[in-house]
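Step one of this worksheet: look at the structure below.
The values are calculated or read from the model by the stated rules, or taken from the named source; none is laboratory data. If you're wondering where the values come from, they're calculated on a predicted model, not measured in any experiment. Virtual Cβ from ideal backbone geometry, glycine too; neighbours counted across all protein chains shown.
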DNA sequence: AATAAAAAAACGGACGTCCGTCTTTTTTTT
DNA sequence: AAAAAAAAGACGGACGTCCGTTTTTTTATT
C-alpha cells in the first residue's frame with residue numbers, strides 16, 4: 001500500500017471527527033442544533049490546529065481563536081466550557097482516531113512480518129493525513145492537567161504495546177530475532193514520531209511519506225530479520 | 001567508554017557554563033562583581049530548568065522564577081533584559097556546549113565505524129548529563145523568535161551533518177553500506193532524541209543510559225554493516 | 001405565503017486577575 | 001557615607017471568562 005491508496009481507504013472526514021466529539025460531549029455543548037454544532041466545531045478545530053502549528057496552545061488567546069474561526073468569543077464558549085477543555089477535547093479525539101485506525105489496519109494482516117510493515121506504514125500515513133492533530137497531541141501533552149497527562153501516557157504506551165506484541169509474536173514464530181523487544185519497539189516509535197515532529201525538514205528535502213515509511217521498515221527489518 | 005567514565009572526563013560544571021554566559025553577555029548584565037553574577041546565574045538557570053521541566057517557559061512567570069531562585073523580581077532584571085532574552089541565553093548556551101563536546105569527542109576517534117559509535121554514545125551521554133538543558137532546548141524551540149528559531153534549526157542540521165559526514169566517509173571506505181545517508185542520519189538523530197524526550201519511560205523501565213546507547217549502536221550497525 | 005412570536009445562536013463590552021517590566025526604596029558591601 | 005545590589009511596590013496591558021443585548025433562525029398563526 002502507498003499513501004495515496006491509504007488516504008482513499010481510510011476516510012477521516014472532519015465531519016466525522018466533529019460528530020464524534022459532539023456525541024461524546026453532548027452535555028457540555030450548549031448549542032442544540034447538531035448541524036450548527038458540527039459546522040462550528042470544524043471551524044474551531046481547524047483554527048486551533050492552524051494557530052497551534054505556529055505557536056503554543058497557551059500562547060493562543062481566545063481572541064486569536066475567535067478571529068481565526070470566525071466565531072465570537074461568546075459563541076466559542078457555547079462549544080466548550082473553558083480553554084483547558086478545548087485542549088482536552090482535541091487531545092482525546094486525536095488519540096482515539098489514531099488508535100482506532102491503527103488497530104483496524106493491523107487486524108487485516110497475516111504474519112508478524114507483514115503486521116509490522118503495516119503497523120509502521122499505517123502510523124506514518126496516519127500522522128501524515130492528520131499531521132496537525134499528531135503534532136498538537138504530542139507537543140501540547142505537557143500542558144495537560146495531571147489526570148489528562150496520565151491518559152496521554154497510557155495512550156502512548158498502548159501504541160508501543162502494539163509493536164511489542166507484533167515483535168514478540170514474530171520472535172516466537174522465529175521470523176524475528178531480538179534480544180530486547182521493548183527497546184526495539186521504543187526506537188521504532190521514535191522513528192515514527194520523527195516524521196511528524198520534524199516534518200519541516202523532510203518537506204524541505206522533498207522526502208516523500210512513502211519513501212520515509214519504506215526506509216523505517218528497512219532499518220527495522222535489518223535489525224529484526226538479521227541472521228545472528 | 002561507559003557513562004560513568006564520560007562524566008569524569010567531560011567536565012561540565014555549572015560555574016563554567018555561567019562563566020561562559022557572563023563572558024558572552026557582559027554588557028547586558030548589570031551586576032559588576034563577577035563572583036556574584038556567576039553565583040546568581042547558576043541559581044537562575046537551575047530554577048528555570050527545574051520549573052520548565054514541569055511547565056512551559058511561557059507558563060513560568062517571573063514571580064515563579066523569583067520564588068524558586070531566591071532572588072527578587074527586580075534583581076532578576078539585573079541579569080537579563082527581558083524574559084525572552086533569558087530563553088535565548090539558555091538555548092544558545094545549551095547548543096554551544098553540546099556542539100563543542102560532541103566535536104571534541106569525535107576528533108579523537110579513528111575509523112568511521114568507531115567515529116559513529118563514539119558520536120552516538122557522546123550524544124546520548126551528553127543528553128543524560130545535561131538532561132534539563134537538552135529537554136528545554138528541544139521543547140521550547142518553537143517559542144523562539146524567528147531569528148532565534150533559525151539558529152536552533154541550523155544547530156539541529158549541523159549535528160545531523162556530523163552523522164552524515166561520518167556515514168559518508170564510512171561508505172567511501174566500504175565499511176558501511178547505505179543507499180540513503182541523509183535518512184540514516186535522520187533516524188539516528190530520532191533515536192538519540194528519544195532518550196531525553198521520553199526519559200520518564202526509560203527511567204520507569206530501569207533502562208540504563210549505557211544499555212540504551214549500546215542498543216542504538218546495534219540497530220544502527222545492523223542497518224549500515226549489513227551485507228547486501 | 002406573509003407576518004408575528006419564540007427560540008437559538010452569536011456578539012462584544014466589562015470585570016477581575018495575573019503578567020512582564022519599570023521605578024523607587026531598602027539593605028548590603030566597601 | 002558612598003556605591004552597588006537586592007527587594008518591594010507600582011503600572012499598564014493582555015488574558016480568560018461572564019453575561020446582557022442583538023441578530024438570526026425556526027416555529028406558529030393568519
Can you tell me which of (1) within 30 Å of residue A:44 (Cβ to Cβ); (2) out of contact with any helix residue (DSSP H, G or I) (no Cβ under 8 Å at 6 or more places or on another chain); (3) more than 11 Å from chain B (Cβ to nearest Cβ) is the one residue A:172 doesn't meet? (1)
Which numbered condition in (1) in contact (Cβ under 8 Å) with a residue 60 or more places away in the chain; (2) within 16 Å of DNA strand D (Cβ to nearest atom); (3) more than 14 Å from every other protein chain (Cβ to nearest Cβ) is the only one that residue B:17 fails? (2)
Within region A:172-181, count every residue that is without any contact (Cβ under 8 Å) to a residue 24 or more places away in the chain and surrounded by fewer than 18 Cβ atoms within 10 Å (Cβ to Cβ). 4
Please work out which residue is farthest from the other protein chains (Cβ to nearest Cβ), limiting yourself to region A:216-227 and to residues that are assigned to a helix (DSSP H, G or I) and surrounded by fewer than 21 Cβ atoms within 10 Å (Cβ to Cβ). A:217
Given the conditions (1) more than 21 Å from residue A:198 (Cβ to Cβ); (2) in a helix (DSSP H, G or I); (3) away from DNA strand D (no atom under 12 Å from the Cβ); (4) not assigned by TED's automatic domain parsing to the domain that holds residue A:22, every one holds for residue A:121 apart from (1)
Quick check on this structure: which one of A:184, A:169 is in contact (Cβ under 8 Å) with a residue 40 or more places away in the chain and surrounded by fewer than 18 Cβ atoms within 10 Å (Cβ to Cβ)? A:169
Flagged pairs (Cβ under 9 angstrom, 6 or more apart or on separate chains; first in region A:209-228, at pLDDT below 95; second crowded, with 21+ Cβ neighbours inside 10 Å) are A:225/A:176
Name the pairs whose Cβ atoms lie under 6 Å apart, with the first residue in region A:63-91 and within 15 Å of residue A:50 (Cβ to Cβ), the second near DNA strand D (Cβ under 7 Å from one of its atoms) and assigned to a helix (DSSP H, G or I), and 6 or more positions between them or separate chains? A:66/A:73
Answer yes or no as to whether residue B:116 is modelled with pLDDT of 95 or more and within 26 Å of residue B:46 (Cα to Cα). no
Give me a count of the residues in region B:48-60 that are under 16 Å from residue B:85 (Cα atoms), part of a helix (DSSP H, G or I) and within 13 Å of DNA strand C (Cβ to nearest atom). 2
Taking residue A:103 and the conditions (1) touching a residue at least 40 places away in the same chain (Cβ under 8 Å); (2) surrounded by 15 or more Cβ atoms within 10 Å (Cβ to Cβ), which numbered condition does it fall short on, given that it satisfies the others? (2)
Looking only at region B:43-60, filter to residues that are surrounded by fewer than 18 Cβ atoms within 10 Å (Cβ to Cβ) and within 16 Å of DNA strand D (Cβ to nearest atom); which one of those is farthest from the other protein chains (Cβ to nearest Cβ)? B:46
Per the list (1) more than 8 Å from every other protein chain (Cβ to nearest Cβ); (2) assigned to a helix (DSSP H, G or I); (3) surrounded by fewer than 21 Cβ atoms within 10 Å (Cβ to Cβ); (4) modelled with pLDDT of 95 or more, residue check on residue A:206 breaks on (2)
Here are some residues: A:179, A:194. Which one is within 8 Å of chain B (Cβ to nearest Cβ) and out of contact with any strand residue (DSSP E or B) (no Cβ under 9 Å at 6 or more places or on another chain)? A:194
Which numbered condition residue A:37 fails, given (1) modelled with pLDDT of 95 or more; (2) surrounded by 14 or more Cβ atoms within 10 Å (Cβ to Cβ); (3) away from DNA strand D (no atom under 11 Å from the Cβ); (4) farther than 22 Å from residue A:143 by Cα: (1)
Out of B:126, B:157, sole residue that is over 20 Å from residue B:176 (Cβ atoms), more than 16 Å from DNA strand C (Cβ to nearest atom) and free of Cβ contacts under 8 Å to residues at least 12 places away in the same chain: B:157
Checking A:7, A:36, A:30 in turn, the sole residue that is within 18 Å of residue A:73 (Cβ to Cβ) and assigned to a helix (DSSP H, G or I) turns out to be A:36
